[in-house]
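Down below is the structure, laid out as structure tokens.
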Amino acid sequence: MLRVDYPALLLTLALGAAGGLAASLLHLPLALLLGSLLVTGVVAAAGWRPFGRAVLLPMKLRSAFVPVIGVAIGGAFTPAVISEAGAWWPSLLALLLFLPLTHAVAYFIYTRGGLPKLESFFGAVPGGLIETVQMGEEAGGDVRLMTVLQFLRLILTIVAVPLIFTALTGVAVGSASGAVLPAAAVPLSAYEVVLLLAVGGLGVWAGRLLRLPAAIMTGPVLFSAVAHAAGLVHGVPPAWLVGVTQVVIGCGLGARFAGIERGMLIRAARLAGINAGVALAMAFGFAWVLAPWVGEPLTAVFLAFAPGGLAEMSLIALSLQMSVVYVTVHHVARIMMSVMMAKAGRRWIG
């Protein structure tokens with residue numbers, strides 16, 4: 001049985017909530033997520049122990065909140081959106097070019113920066129953190145270095161994308177904007193609350209059974225989409241619960257910095273920062289070309305190609321109330337293609 005240091009957990013959540021609140025008061029983009037991430041990340045990386053407790057957040061707690069995002073996204077699957085999906089094939093096909101290209105560029109950056117080839121290959125895969133690190137470990141790579149490279153890809157993209165969106169649109173992203181999802185304003189009856197809980201739980205179970213990529217999110221997305229399309233439920237998780245989810249996810253990301261060697265972190269951060277900048281520039285270039293072909297805004301296509309986390313990129317799409325289904329579908333495809341690409345290259349790099 002897993003034993004949890006509950007005082008340390010409560011401290012971590014309190015630090016994250018304080019960081020999210022401060023970021024909201026400063027009107028930062030995606031404030032609850034970024035504020036909690038930055039505060040807990042700095043405390044964890046510095047090795048500080050407030051009140052004698054280390055920053056921590058069990059993965060099981062994070063996994064319990066991620067389905068909230070999936071259920072909320074499922075509420076965006078309307079007949080109108082589904083009818084538009086046929087126009088998305090150019091950007092889905094473009095992923096077959098974008099992903100190998102970004103992987104190759106990242107591999108070049110890491111190897112030229114002096115990192116070993118094996119760790120560079122698996123650390124450069126633009127998706128599927130858990131799967132690619134596991135493959136790298138089986139091939140004999142340094143798990144710590146590959147995890148840091150993959151984790152920094154997520155973190156730097158998550159931090160940069162809201163700032164880029166704010167610069168492009170002039171509108172704050174996330175809680176700082178005060179945006180509320182239309183369906184989140186629908187009062188939920190007791191029946192709908194129970195049904196949404198069941199949709200989330202059954203979605204996770206079925207997703208894992210079917211071995212879907214990012215099952216704890218994609219499973220609830222599918223079940224929620226079916227429930228909403230069938231008219232069984234009309235509301236989605238309330239805005240306050242989505243806000244709590246942002247804080248939990250931010251704390252979970254920040255806590256991952258605990259125990260990382262400072263020298264490795266600094267070296268990997270420098271190279272990962274270069275890689276993230278190049279990857280986001282490439283994503284913008286692809287978006288600029290593809291937007292007229294798929295009938296989606298340039299910002300939506302850019303968000304669909306930004307190599308961040310599925311849950312986090314979907315949160316940004318939710319906060320903007322913009323093409324959330326389009327963005328989510330592309331990130332699920334990105335993860336699947338990235339893992340397949342890593343499997344195909346495993347023999348070559350070995």
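Filter segment 104-128 down to residues that are part of a loop (DSSP other than H, G, I, E, B), more than 21 Å from the chain's Cα centre (by Cα) and not aliphatic (A, V, I, L, M), then give me how many there are.
From segment 104-128, those part of a loop (DSSP other than H, G, I, E, B) are 113-116, 124-128; that's our starting set.
Narrowing further to those that are more than 21 Å from the chain's Cα centre (by Cα): 113-116.
Next, only the ones that are not aliphatic (A, V, I, L, M) stay: 113-114, 116.
Summing the residues that are part of a loop (DSSP other than H, G, I, E, B), more than 21 Å from the chain's Cα centre (by Cα) and not aliphatic (A, V, I, L, M) in segment 104-128 gives 3.
If the Cβ limit is 9 Å and pairs must be 6+ apart or interchain, which residue in segment 13-30 that is without any contact (Cβ under 8 Å) to a residue 24 or more places away in the chain pairs with which residue that is in a helix (DSSP H, G or I) and among the β-branched types (Val, Ile, Thr)?
These pairs meet every condition: ALA18/VAL39; ALA22/VAL39.
The rows are residues; the columns are (1) in a helix (DSSP H, G or I); (2) over 17 Å from the mean Cα position of the chain (by Cα); (3) not polar (S, T, N, Q).
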| position | (1), (2), (3) |
| --- | --- |
| PHE257 | no, no, yes |
| GLY263 | yes, yes, yes |
| ARG267 | yes, yes, yes |
| LEU271 | yes, yes, yes |
| ASN275 | yes, yes, no |
| VAL327 | yes, no, yes |
| LYS343 | yes, yes, yes |
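Quick one: which of ALA18, ALA106, ALA72, ALA44 is closer than 24 Å to GLN321 by Cβ and either at pLDDT 90 or above or surrounded by 15 or more Cβ atoms within 10 Å (Cβ to Cβ) (or both)?
On the way: ALA18 fails: closer than 24 Å to GLN321 by Cβ; ALA106 fails: closer than 24 Å to GLN321 by Cβ; ALA44 fails: closer than 24 Å to GLN321 by Cβ.
Among ALA18, ALA106, ALA72, ALA44, only ALA72 is closer than 24 Å to GLN321 by Cβ and either at pLDDT 90 or above or surrounded by 15 or more Cβ atoms within 10 Å (Cβ to Cβ) (or both).
Does segment 86-103 hold any residues that are under 22 Å from the mean Cα position of the chain (by Cα) and of a type in the set (Gly, Ala, Ser), and which are they? Give the steps one after another, and end with the answer.
Taking segment 86-103 as the starting set, the residues that turn out to be under 22 Å from the mean Cα position of the chain (by Cα) are 88, 91-103.
Hits for segment 86-103 are SER91, ALA94.
The values are calculated or read from the model by the stated rules, or taken from the named source; none is laboratory data. Worth saying up front: this structure is predicted, and the values here are computed from it rather than measured. Every residue, glycine among them, receives a Cβ derived from its backbone with ideal geometry; neighbour counts consider all protein chains shown.
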